[in-house]
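K.L.:
Below: one structure in C-alpha cells.
The values are calculated or read from the model by the stated rules, or taken from the named source; none is laboratory data. In this text the structure is predicted, and so the values were computed from the model without any measurement. A quick note on method: Cβ atoms are made from the backbone with ideal geometry, for glycine too, and the neighbour counts reach across all protein chains shown. Accessible surface is based on the protein model in full, side chains and every heavy atom, while ligands, DNA and RNA are left aside. Shrake-Rupley method; radii C 1.70, N 1.55, O 1.52, S 1.80 Å.
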Amino acid sequence: MNKKLEYQIQPIYSWLGDFRDGLAYASMQGDKYGFVNKSGKYTINEIYKYAYDFIDGLAPVSNDGTKWGCVNSKGEYVVSPVYDAIYPYSSKMAPFERDGKIGFLNTSGKEAVMPIYEDASHFFENDLAPVCLNGKYGYIDKKGNVKIATQYDYAFSFSEGYAIVANYSQDGESATAMVIDTKGNVVFTLPKGFGPSEAGGYFHNGLLLIGGETDTNNKWEYRYIDTKGNLVYSWTEDYSSYYAPQKVSKNKDMKKVPTKHFSLGHKK
C-alpha cells in the first residue's frame, strides 16, 4: 500500500519481499519465485526455487535449491550458479560459500576475497566485514586485508563507525560485550549481563538497543545507549521477547510510551 493506505499491488501473492532497487521477489503459489516491479508486474518470471532481494543491481537466486548465482534486473546471470550459497549484496560485496568456506564476490561477479573463512557477515558500513578464522573473529577490507586481528569470540558488522564484539568466559557461561571503533579500539564495555537485543546489534541514529535480565522477578530490561555508552532511556518487560520500534528519537517524550506492556525506565 502507499501512505494513503491504497493498494498499489493487490494481495494476490503467497509471498512478497521488500522492494530493493525497484524490484521485489514474489511468489503466487509459494514453490517458485520471480520478481515484480512496483506495479505488481512480473519482470522476471517465477522460475527460481529460492531468491533474495535485489541490492546493488544483483539478486542471488537458485534454480534447484542447491547451487546459487546472481542475476541482474533483466534476469541475466552475472554470477553463474556454481556456488553452494550466495547472500545479498551490501556495499557492493556479497558473501558466498564453497566447500564449507566463505568468501566475497564483487558486483562484477569476481571473487574479490577468497573463500577461506569459517563464518562471515556483510560489508555493511566503513568497508569492513567481520570474518571468522580458526574460531576467532576479526575484520577485513574489500581486498581481504586484515584490518582488525581475529581475536574475538563473536563480532557484528560495523554501523555508524562502531561494532559490537564479544569474548566468552573460560567456562562459556558468560560473555563480555564491547563496542569498538574502526581501528579496533574499545570505546566502552556493555554493562554486565547485557548484550545486543533481538532488534540487532547495530547503531541507528546514534543509538544502540541492548537487553539483559534484571535481578528483580527475572524481568528483562532494555536500554537505549549512545555512542559513548551513556544511558538514554530504559524500560523493563515481563517477557524476554520484544521487538523495538524502527524509529527512535533521542528526544522522545516518555509520557507517550505505552505503559500497558512495560514499565518506564530512566531517561538521562
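K.L.:
Contour minus end-to-end for H204 and V82, with contour as 0.36 nm per residue of separation and end-to-end as the Cα-Cα distance? Kindly include the intermediate steps, with their values, before the conclusion.
P.N.:
Working: separation 122, 0.36 × 122 = 43.92 nm, distance 3.60 nm.
Residue separation times 0.36 nm, minus the Cα-Cα distance, leaves 40.3 nm.
K.L.:
For the chain, I need the span (max minus min coordinate) of the C-alpha atoms along each principal axis, in Å, sorted largest to smallest.
P.N.:
Computed over the chain, the largest-to-smallest principal extents equal 55, 50, 29 Å.
K.L.:
On to the next question. Please tell me the relative contact order of segment 1-100 in percent, rounded to the nearest whole number, where contacts are Cα pairs under 8 Å and at least six residues apart. Present the calculation step by step, with values, prior to reporting the outcome.
P.N.:
Numbers: 225 pairs, mean separation 16.0, N = 100.
Here the relative contact order equals 16 percent.
K.L.:
Hey, rough spin-label estimate for K49 and N185, points 7 angstrom out along Cα→Cβ, what's it come to in nanometres?
P.N.:
Result for the modelled spin labels: 5.0 nm.
K.L.:
Let me ask another. By how many nm would the segment from W15 to K110 lengthen if fully extended, with 0.36 nm per residue of separation less the alpha-carbon distance? Mind dumping the intermediate values first?
P.N.:
Working: separation 95, 0.36 × 95 = 34.20 nm, distance 3.11 nm.
Full-extension gain reported as 31.1 nm.
K.L.:
Counting only protein chains, not ligands or nucleic acids, how are E221, E237 ordered by accessible area (probe 1.4 Å), most first? Before the final figure, lay out each step's value.
P.N.:
Details: E221 35, E237 0 Å².
Sorted by accessible area, descending: E221, E237.
K.L.:
So which GluC sites (Glu not before Pro) in segment 1-79 end up in coil per DSSP with only 10 or fewer other C-beta atoms within 10 Å? Write out the running numbers ahead of the final one.
P.N.:
Details: sites: E6, E46, E76; in loops: E6, E76.
Listed in order of number, the matching sites are E6, E76.
K.L.:
Shifting gears a bit: Return the Cα extents of segment 136-191 along principal axes one, two and three, sorted largest first, each rounded to a whole Å.
P.N.:
Rounded to whole Å, the extents work out to 36, 21, 15 Å.
K.L.:
Another question about this same structure. Dividing the alpha-carbon Rg of segment 33-147 by 2.2 N^0.38 Å yields what?
P.N.:
1.09
K.L.:
How much accessible area does I12 have with a 1.4 Å probe, in Å² rounded to the nearest 10?
P.N.:
100
K.L.:
I want the local charge near V82. Using Cβ-Cβ distances under 14 Å, sum +1 for each Lys or Arg and -1 for each Asp or Glu among the other residues.
P.N.:
Neighbourhood net charge equals -2.
K.L.:
How large is log10 of I(q)/I(0) for segment 22-61 at q = 0.25, 0.28, 0.31, 0.35 Å⁻¹ when the intensity is taken from the Debye formula with one equal scatterer per alpha-carbon?
P.N.:
With no solvent term, the Cα-only Debye profile gives -0.77, -0.95, -1.11, -1.28.
K.L.:
Scan segment 23-55 for trypsin sites (Lys or Arg not before Pro) in coil per DSSP, keeping those whose Cβ has at most 14 other Cβ atoms within 10 Å, and list them by number. Walk me through the numbers on the way to the answer.
P.N.:
Values: sites: K32, K38, K41, K49; in loops: K32, K38, K41, K49.
Counting only loop positions with at most 14 other Cβ atoms within 10 Å, the trypsin sites (Lys or Arg not before Pro) in segment 23-55 are K38, K41, K49.
K.L.:
Return the whole-Å distance between the Cα centroid of segment 26-101 and the Cα centroid of segment 137-157.
P.N.:
When both Cα centres are located, 27 Å separates them.
K.L.:
Same structure again: Could you work out the relative contact order of the chain, using alpha carbon pairs under 8 angstrom and six or more residues apart, expressed as a whole percent?
P.N.:
On the way: 625 pairs, mean separation 17.7, N = 268.
Here the relative contact order equals 7 percent.
K.L.:
Largest first and in whole Å, what are the equivalent-ellipsoid semi-axes of segment 90-192 based on the Cα gyration tensor, each being the root of 5 times an eigenvalue?
P.N.:
On the way: eigenvalues 121, 51, 18 Å².
Equivalent-ellipsoid dimensions as semi-axes: 25, 16, 9 Å.
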